[in-house]
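The block underneath contains the structure these notes are about, expressed in structure tokens.
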Ligand code: NGQ
Ligand code: ZN
């Protein structure tokens, strides 16, 4: 597939920044970008065509432990006890395992409507902390998995230097995450050489607790950081807010906004615990709030102040993070439902009378996700990448739905997959619900998991 791409398509309805447009013709060049429309024969795409959703936050290996941390432990379970389970699981993952898990995950992402993924990658070294013979081996496993699945990757190698705000050293299990500054910059430089149409490299600081202030300043001043996306985990847990207040005299988001030039190149992942002042400052900065509602619910993180943030015109996107769920519609649905449950009201993301929740959140997440990815995606217009979804117009759920109800139906009620076909960079990767290489990738995933289970 992919060698003979028909260049002209026509769709009954295409989602644009102005809403649904009718009878749209699209032409795609041989690099997989949309061009201004040419005349001539055109293949019919389907009835409802949407831009594919960017997934702005992923730790691919965690997909393989989904469902393995839902049993009560000895003490009060929390984010921190989950993290111990996750670290123990991570210790069994090397390059082959990572490739098998990530490829399976990326196939599932594509089938649910994600066409791009930002991989926040920190499993760099061997389990005992020794670098692999090829120091970028784990990164290459992710690059290869994305290529096999046909998803676009923004690879974010993570800088991780200390085990807490007090600068304590990494624990034995964290050692494989760690770099000193020169070796981190070398990794970035090496990975940037692999960049192509479907691979962008950016920077990730694991968190304020894992990156000391002077290291942060040096990375941000490096040549490698000149123009790429920058991601950071921030203010996910209350304990982290308290530690930051105690050691740095400010709340995490406040501190970051005071100490770095945070702008639209930045993605602040989670940003759950915000004061009113931080909410409006973050919105004004133009940075993306990287929300991961199903993981945040699963880990007991708390609720993002969505209404205030939207009223302040803040930018947001979604990620599947730990992959307890792999579905953009479920992320957006739970983003809204969390707000409804805590406020005892409805239609929170829709800020003006007549607005739809789905038609607010889906485009918001397209825009924020595209910014976070550092790629020309999230919109179907000339010059953008041809990354698109065709919904199943024969699905019972969509019967007699007019265009004002399609996205809300997809988002709130689309549990049986409504994504029928998926194109990434002009190539079909999913057709009629089937991914082009799903059987082989799933078979390898199963044997990998069986091997891991026997260890
Ligand atoms: C992570 N995940 O890096 O995988 C983190 C847990 C940490 C989430 N925060 C580890 N959801 O934050 O130290
Ligand atoms: Zn994360």
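The values are calculated or read from the model by the stated rules, or taken from the named source; none is laboratory data. Source: prediction; values computed, not measured. Cβ atoms come from the backbone with ideal geometry, glycine included; neighbour counts cover every protein chain shown.
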Report yes if residue 374 is farther than 29 Å from residue 70 by Cα and touching a residue at least 60 places away in the same chain (Cβ under 8 Å), otherwise no.
-> yes
Looking only at residues in the range 384-402 that are assigned to a loop (DSSP other than H, G, I, E, B) and exposed (fewer than 15 other Cβ atoms within 10 Å of the Cβ), which one is farthest from the chain's Cα centre (by Cα)?
-> 400
Under the condition of being without any contact (Cβ under 8 Å) to a residue 24 or more places away in the chain and assigned to a loop (DSSP other than H, G, I, E, B), which residue from the range 228-260 is farthest from residue 205 (Cα to Cα)?
-> 249
Select from the range 91-119 the residues that are part of a helix (DSSP H, G or I), under 12 Å from the mean Cα position of the chain (by Cα) and away from ligand 2 (no atom under 16 Å from the Cβ) and list them in ascending order.
-> 106
Those residues that are touching a helix residue (DSSP H, G or I) at 6+ places or on another chain (Cβ under 8 Å) and surrounded by 20 or more Cβ atoms within 10 Å (Cβ to Cβ), I need them from the range 225-236; list them, please.
-> 229, 230, 231, 232, 234, 235, 236
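Which of the residues belonging to the range 293-334 are closer than 20 Å to residue 52 by Cα, away from ligand 1 (no atom under 16 Å from the Cβ) and in contact (Cβ under 8 Å) with a residue 40 or more places away in the chain? Quick ask: steps written out before the conclusion?
So in the range 293-334, the residues closer than 20 Å to residue 52 by Cα come out as 293-294, 315-321, 323, 325-334.
When the remaining residues are screened for being away from ligand 1 (no atom under 16 Å from the Cβ), the result is 315-316, 327-330, 332-333.
Hits for the range 293-334 are 315, 316, 327, 328, 329, 332, 333.
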Which condition number in (1) over 15 Å from residue 255 (Cα atoms); (2) out of contact with any strand residue (DSSP E or B) (no Cβ under 6 Å at 6 or more places or on another chain); (3) more than 16 Å from ligand 1 (Cβ to nearest atom) is the one that residue 288 fails?
-> (2)
Somewhere in the range 120-130, is a residue part of a helix (DSSP H, G or I) and free of Cβ contacts under 8 Å to residues at least 60 places away in the same chain?
-> no
Taking the condition within 16 Å of ligand 1 (Cβ to nearest atom) and crowded, with 23+ Cβ neighbours inside 10 Å, does residue 373 pass?
-> no
Only listed residue being within 14 Å of ligand 1 (Cβ to nearest atom), modelled with pLDDT under 95 and touching a helix residue (DSSP H, G or I) at 6+ places or on another chain (Cβ under 6 Å), chosen from 64, 69 | 69
So which residues in the range 267-286 are touching a helix residue (DSSP H, G or I) at 6+ places or on another chain (Cβ under 8 Å) and away from ligand 2 (no atom under 16 Å from the Cβ)?
-> 274, 275, 276, 277, 278, 279, 280, 281, 282, 283, 285
Only one of these is outside any helix (DSSP H, G or I) and in contact with a strand residue (DSSP E or B) (Cβ under 9 Å, 6 or more places away or on another chain): 205, 188, 220. Name it.
-> 205
